[in-house]
Amino acid sequence: MSGESVLQRVVRILEVFDPENVAVSVTDIAERAGLTLSTASRLVDELVEHGLLQRDRNRRVRIGVRLWELASRAAPMRGLRDAAMPFLEDLHAIVGHHVQIGVLDGTEVLFIERLSSPGAVINLTRIAGRLSLHASSSGLVLLAHAPSEFQDQIITGPLPRYTDRTITDPRALRVFLAEIRRSGVAICPGFIHDDAMGIAVPIRDRADRVVAALSVVVPREERATVLVSILQASARGVQRELGRPMSPAEMSPAETATSQVAPIQ
Ligand code: PHB
């Protein structure tokens with residue numbers, strides 16, 4: 001492909017890897033990255049030399065440990081992740097199933113951490129995985145607090161349907177977003193998968209900007225009310241770590257809920 005830089009080709013090679021494609025042959029890399037086999041082989045060899053990719057015993061190519069190391073040691077979300085992790089762990093001990101934290105990236109929610117249990121309800125979320133804004137509880141929280149031009153862009157764009165309950169009507173979506181801003185929570189039974197319910201709340205930084213969404217994914221028939229207070233108490237904990245002062249209105253008995261409520265699962 002003429003006019004394309006080596007860097008662009010390398011990025012396309014790295015983008016071949018995802019949770020479904022962790023070990024890929026050079027032939028498949030070439031095909032998926034739209035490169036000739038010789039170009040793909042040469043670039044893969046160089047990336048392997050630098051440790052950014054590595055070859056396994058079957059000569060399949062994987063992401064290299066060095067790439068993980070470089071990306072992790074100054075990861076942009078590290079401060080948020082570190083602040084959230086103890087609260088995520090407490091939340092998970094109480095709720096079971098899945099708890100996760102996601103941020104807005106481009107036009108999707110990107111999950112930076114997730115804790116799950118064996119036998120938990122189905123969850124389409126993965127760490128470093130993405131979901132649509134209009135369909136997931138985290139995405140809806142982030143969208144609800146995004147600038148209005150950005151909201152318009154998403155609302156007037158394609159709104160793919162995951163289940164019968166996914167909100168795909170632009171007007172209904174606007175109403176739902178207003179409700180999330182009013183109530184401070186997105187409760188989404190069956191929006192992404194018929195059996196699952198996502199519940200998400202915003203996390204604000206010291207400047208009161210919504211920087212992330214904290215969510216749980218539980219069986220759809222679970223009672224949301226208790227989960228909402230626990231989730232909100234955890235979000236306040238994360239916010240405190242991020243240096244956000246708590247308003248008197250936010251100090252409620254729910255603050256101690258995390259130590260009083262028995263595991264649901
Ligand atoms: C949600 O956040 O609403 C959500 C995410 C993943 C699922 C189900 C629900 O699998």
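The values are calculated or read from the model by the stated rules, or taken from the named source; none is laboratory data. Since we're looking at a predicted model, the values are computed, not measured. Cβ coordinates were reconstructed from backbone atoms using ideal geometry, including for glycine residues, and neighbour counts include every protein chain displayed. Heavy atoms of the whole protein, side chains included, go into the accessibility calculation; ligands, DNA and RNA do not. Shrake-Rupley method; radii C 1.70, N 1.55, O 1.52, S 1.80 Å.
For segment 144-154, how many residues are out of contact with any strand residue (DSSP E or B) (no Cβ under 8 Å at 6 or more places or on another chain) and surrounded by 18 or more Cβ atoms within 10 Å (Cβ to Cβ)?
1
For segment 99-126, enumerate the residues that are within 20 Å of Pro202 (Cβ to Cβ) and open to solvent by 10 Å² or more (accessible area, probe 1.4 Å).
Within segment 99-126, Leu104, Asp105, Gly106, Thr107, Glu108, Leu110, Ile112, Glu113, Arg114, Leu115 qualify.
Collect the residues in segment 85-102 that are within 16 Å of the ligand (Cβ to nearest atom) and either outside the structural domain of Gln239 (by TED's automatic domain parsing) or in contact (Cβ under 8 Å) with a residue 60 or more places away in the chain (or both), keeping them in residue-number order.
Once the filter is applied, which keeps residues that are within 16 Å of the ligand (Cβ to nearest atom) and either outside the structural domain of Gln239 (by TED's automatic domain parsing) or in contact (Cβ under 8 Å) with a residue 60 or more places away in the chain (or both), segment 85-102 yields Leu88, Leu91, Val95, Gly96, His97, His98, Val99, Gln100, Ile101, Gly102.
Somewhere in segment 190-206, is a residue more than 14 Å from the ligand (Cβ to nearest atom), part of a strand (DSSP E or B) and among the hydrophobic types (A, V, I, L, M, F, W, C)?
yes
Check whether at least one residue in segment 156-177 is assigned to a helix (DSSP H, G or I), surrounded by fewer than 17 Cβ atoms within 10 Å (Cβ to Cβ) and of a type in the set (Val, Ile, Thr), and report yes or no.
yes
I need the full set of residues from segment 126-155 which are more than 18 Å from His97 (Cβ to Cβ), in a loop (DSSP other than H, G, I, E, B) and modelled with pLDDT under 95, in order please.
Ala128
So in segment 207-225, with the set limited to residues that are outside any strand (DSSP E or B) and more than 23 Å from Tyr162 (Cα to Cα), which one is farthest from the ligand (Cβ to nearest atom)?
Looking at the filtered set, the residue picked out is Ala207.
If Val10 passes every condition in (1) among the β-branched types (Val, Ile, Thr); (2) modelled with pLDDT of 95 or more; (3) out of contact with any Asp or Glu (no Cβ under 9 Å at 6 or more places or on another chain); (4) crowded, with 17+ Cβ neighbours inside 10 Å but one, which one does it miss?
(3)
What is the one condition in (1) within 14 Å of the ligand (Cβ to nearest atom); (2) assigned to a loop (DSSP other than H, G, I, E, B); (3) out of contact with any Ser or Thr (no Cβ under 8 Å at 6 or more places or on another chain) that Asn123 does not satisfy?
Exception for Asn123: condition (3).
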